[in-house]
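The values are calculated or read from the model by the stated rules, or taken from the named source; none is laboratory data. Bear in mind that the values here come from a model prediction, so they are computed numbers and not experimental data. Backbone-built Cβ (ideal geometry, glycine too); neighbour counts: all protein chains shown. SASA here: full protein model, heavy atoms, side chains in, ligands and nucleic acids out. Shrake-Rupley method; radii C 1.70, N 1.55, O 1.52, S 1.80 Å.
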Amino acid sequence: QDLLRRARVLCTRDLRDRCVFAPRRAGSGMVCDGLPGEGDPSICTVGGGGLLLPLGGDAEQQWPKEVRIVLYLAGLLWCFMGVAIIADVFMGAIEKITSRKILIHDKSLGKKRTATVWNPTVANLTLMALGSSAPEILLNVIGIFPTFQAGALGPSTIVGSAAFNLLCIAAVCVISIPGGEVRYIKDLGVYSVTAFFSVFAYLWLLVILLGTSPDVVETWEGVVTFAFFWLLVIFAFGADKGWIPGTEKPPPGFTVQPESSKEELSVMEIKVRQMYGKYTNLTPEQVRLLMEYEFYAPHSRAKHRVNATRLLSGGKKILAAKSSYEAGMELAKELQSKDKEMDAKQSANGARDCVVAQFEALNYNVLESVGEVTIKVRCVGVPTGETEVKYATRDGSAKAIDDYEPVEGTLRFSPDKLEEEISVKIVESKGATEDTEEFYVDLLSGPLGMRKTVTVVIIDEDHPGELHFENEQIEVKGCEKDIVVPITVVRSRGSSGVVSCKYCTDEGSAKEGADFEKVEGVLTFASGQQSATFDVTVKANYKFEGTEIFRVVLSDPEGATFDATTDGGSESCILTLIILADESRKHGLNTLTNMVQVNWDSLEMGNATYKEQITSSIFCGGSLKAQKESSWVEFIAHIFAAPWKVLFSVVPPTEYAGGWLCFCVALLMIGFVTVIIGDMAELLGCVLGISPATTAITLVALGTSLPDTFASRTAAQMDPYADNSIGNITGSNSVNVFLGLGLPWMISAIYWQFVAECAPGDSWSLAYPEEALKYPKGLFVVKAGSLSYSVISFSSCALVCMASLAVRRKVFGGELGGPKTSAYATAVFFVLLWLTYIVVSIMFEGD
């Protein structure tokens, strides 16, 4: 039987017209008998054709070669525009799906903040990667039908696209950075994972096609290839979260987003005003730009891709020529320069203006018999020279001469002397009983602080006194700066001896660290001292409305007691500090909210209604107003793209079903246009005499990657980091193999092993006679041939390219930009690597 089978195979190879074949067994069908044979017409000859083209049938196949070359080339370019436009719609749906936000409580910030449901890294490697590489991926998925064999263009397009993405797009990005600036990859952990997999993916292809099962993809190999896609996503997610050694989780924080709450915007506004409002009364527009700079939310991969497509097709632009980040950065530099100038002027004027003198305490209690009271005055700040402060006593109910000896004079402070004392003698009344009396000591002139008057109370009784807060409740209106609230503790009904108590802050609805700074310590009163003060800092208030409270508690008194009539009773003393929302900020914050929302509205990629979609498809720039402002180049591009735009305006808007309905319909349409591209590219290559592999790595790879080129260039120029321009390339290249080849190859391998059942004499046996000897019932065959050389060439160039980027990061501080001479040299080198890949792939094509 084996000899008979071999004879039949040989017969089919060499004596096709003279041999009689055995009847086909059930189950063969199109899969086993639908492969083209050696004598079958090619796609560009009479009797041949693709899935949909040529539309003119055999009549078109007889047209002059020159006419067909021009027709197919123009048609291919027009189809590239079409697939880019429907991919624009597809990416809009993906953006709608992945940008869904929820409000979470961030423990590290002590506040609620807006967060995306989809992790950005996972979104980039799944739906975003599918959107940007949909034509290449679908070319492979559709290409396996109906014969469950690898398409003529698919695998080579994946490798060719990867080579163009990494080498040519990287070259464009390196020289796109303005003014000798640099851009570096911020999330190095995720980039390292995707960079590793982007090379490993192609080496894995070599293992499949040359190692474990030469020229055959077995079921387990297809399953493992597809499984690597999920492994890539898991490892990248782990790197993003800091779970993998050597990686770290990005610090949490606020970013400007359309869903940002008013409280979040309030937080960002306060911080911006603190940073840049030292000498400038910032306008709402300046605040918005600075918020866009300091709390920058990078534009997604989808936005850059869609914007690039619309620039090429005269569509509605969603990104301005100059980003808000760049405008904010310029404003920040201007304000920082102004602050430095003002600081220098302040320094030149001397430090006297920021030096003040004030009493250490506001109240002193003394007994008549004390003889003399000593009052301390401190200099807050360090004077550059000698600073003079005049002082004098002033009568109250206590009278000069009768109750105390009046004094006046001048205190002198210097860098070496920051504390002075004022001594006042107390006159003891003999033989008379007097009420408690007081007099005052005033600081009269010089640089004075808040505490410039002290009250001295003269009492007869010999009692240590009771402690209580001067006010049991203090209200503070929140503002954009931290507020230092002085807390005064009063000692009444006596002041004999040294007494003390402990104090500390206690949380209420206001939280320690987020709303106020923790304070604790021991408050000590000297003999005769009637009051003491300590400070509590209320943090810059983020509340848009409502109130929050916390408490300051006195405890553990020594030598004295607490006033039992106050809050806390005799065991403790409690002061409640209430933080009020700054109602005056509501109008300004509402204005800022509206400005931020309007700014983000301009970035909306999808349309809410069919009316908006149809209007956008008819007018250049998306509207009649934008069309009037468009250039003639944009208008011509719109005319060519208009049929596609009108056709794709029937796709459901992104607002329906959260974007999923648009996602599914757009994916089907991408598949339809991809079929046309596949047929058109094969027709063009056939007429030109170019093999499908060469057509795939050149024409098809360039055409499908052109929007990514412009998107990455824009991202490199507008974003502060290189993640969206370079970092996404490695992720996309990995996904193209694991998803673009893994999924269809897994499906085909499973079908061939468990469903298909060929017999000698089938077209599969004729096409793969050597494999038919080993696998008579058929198996999924992918010839290594030129594909293996193409993969080897690309993998080598990719390693050199990544090493070059690593060197640039080490030498210039970033992968992109740097000195112009070096940047252009790097770009030329990368393009030469790409040309080397093309030449090597073509040279070994026949092997």
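Annotations for the structure displayed:
- Most to least packed among 747-755, 760-768 [average Cβ atoms within 10 Å]: 760-768, 747-755
- Glu770-Val67 FRET efficiency (beta carbon distance; Förster radius 41 Å; 0.05 resolution): 0.50
- Asp58 paired with Ser623, simple spin-label distance in nm, labels 7 Å along Cα-to-beta-carbon: 5.6 nm
- Extreme residue, positive dipole direction of the range 753-812, given options Cys758, Ile792, Val781 (C-beta unit charges): Ile792
- For the range 380-533, fraction of C-alpha pairs farther apart than 26 Å, in %: 45 percent
- What the Cβ-Cβ distance of Lys399 and Lys810 gives, at R0 = 51 Å and to the nearest 0.05, is a FRET efficiency of 0.05.
- Sparse-neighbourhood loop sites, GluC sites (Glu not before Pro) in the range 32-95 - DSSP loop, at most 16 other Cβ within 10 angstrom: Glu38
- Among Thr98, Gln61, Ala84 - extreme Cα towards positive end, dipole of the range 58-103, charges at beta-carbon: Thr98
- Protein heavy-atom accessible surface, 1.4 Å probe, per residue over the range 741-839: 40 Å².
- Cα gyration tensor category, rounded, prolate or oblate, for the range 116-172 with a/c compared to 1.5: oblate
- Here the alpha carbons of the range 708-847 define both size measures, Rg and Dmax, at 21.3, 65 Å.
- Most to least packed among 222-233, 818-829 [average Cβ atoms within 10 Å]: 222-233, 818-829
- Relative to the current alpha-carbon distance between Glu330 and Lys376, full extension at 0.36 nm per residue lengthens the span by 11.6 nm.
- If the segment from Glu386 to Thr212 were pulled out straight at 0.36 nm per residue, it would be longer than the present Cα-Cα gap by 53.8 nm.
- Given R0 = 22 Å, the distance between the Cβ atoms of Val223 and Phe672 translates into a calculated FRET efficiency of 0.15.
- Dipole check for the range 685-818: with +1 at the C-beta of Lys and Arg, -1 at the C-beta of Asp and Glu, and the Cα centre as origin, the magnitude is about 340 Debye.
- Taking a ≥ b ≥ c as the square roots of the eigenvalues of the Cα gyration tensor, the range 631-681 is oblate, since a/c reaches 1.5 or more and a/b is not larger than b/c.
- Loop-located GluC sites (Glu not before Pro) in the range 362-449 (DSSP state not H, G, I, E or B) with no more than 15 neighbouring Cβ atoms inside 10 Å: Glu386, Glu428, Glu434.
- For the range 618-703, the square roots a ≥ b ≥ c of the C-alpha gyration tensor eigenvalues yield an a/c of 1.5 or more together with a/b not exceeding b/c, which makes the shape oblate.
- Rel. contact order, % - alpha carbon contacts under 8 angstrom, at least six apart, the range 787-845: 53 percent
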